[in-house]
Every structure is written in C-alpha cells, then in structure tokens.
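Heads up, the thing below is written out as structure tokens.
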Amino acid sequence: MKFIFPQNYSFKSKFLGFIDYSTLFLNIIWDLFIFCLLDLFILDISFKISLFIIFCLPLFLFSIIGFNHENFVYVLTYLFKYLFNKKIYFYSKNK
C-alpha cells in the first residue's frame, strides 16, 4: 500500500500524539520552577497544591489546545519578537 504525502506536509513527532516535545520540556521546566518556589516558601500542603494548580494548569491547557495547533514555544517566540521589535511588523507608508 502506497501513501502519497504532499511536499509541504511536515511530520512532527509528539509525546502521546498530542503535545510537542519542546512544549513538553517547557511545561516540565515551568512546573519544576513553580514547585521549587512553593516548596521553599509555603508550608501548608493544601495551599501548595492549590497554588501549583493555579500557576501550572493554564500553561498546560494552552500547550495542549494551542493556538490553531501551533507549537506553544513558537507562539511565545513570536510574542517576544513582537514586543521587542514592533517596527518589524508595522510599516507606515510615506505619501
């Protein structure tokens, strides 16, 4: 059986079929950072768990759902490029 793939088709390997590896590593690093901060400063375990969920769940949901199935790391790089170099994206015509 032969499959025909278009030339512009890009095959991306994903963890469990739905999350990119670069996004997964970003989530793990963020979760470890938040876990270490909460472990240092907060003693109550229920408060730790609730703050961990509040800080980590939105990033995890954005990374799974994404922006039109775009890689979350790419979206963050596009946002930072726009924040620091607005003149690249907006040009005004002189008449």
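Once label points are set 7 Å from the Cα along Cα→Cβ at both TYR78 and PHE47, what is their separation, rounded to one decimal in nm? So the label points at TYR78 and PHE47 sit 4.0 nm apart.
Taking θ = phi - 60°, what integer Hz values does the Karplus form 6.51 cos²θ - 1.76 cosθ + 1.60 yield along the range 31-39, in sequence order, with x for Gly and Pro? Once θ is set to phi - 60°, the couplings for the range 31-39 become 5, 5, 4, 5, 4, 5, 5, 5, 5 Hz. Each label was represented as a point 7 Å from its Cα along the Cα-to-Cβ direction; for PHE11 and GLU70 these points are 2.6 nm apart. Ligands, DNA and RNA are left out, and with a 1.4 angstrom probe the accessible area of the range 12-90 is 79 Å² per residue.
The values are calculated or read from the model by the stated rules, or taken from the named source; none is laboratory data. These numbers come from a predicted model, not from an experiment. Positions of Cβ are backbone-derived with ideal geometry, glycine not excepted, and every protein chain shown enters the neighbour counts. Note: accessible area is taken over every heavy atom of the protein model, side chains too, but ligands, DNA and RNA are not part of it. Shrake-Rupley method; radii C 1.70, N 1.55, O 1.52, S 1.80 Å.
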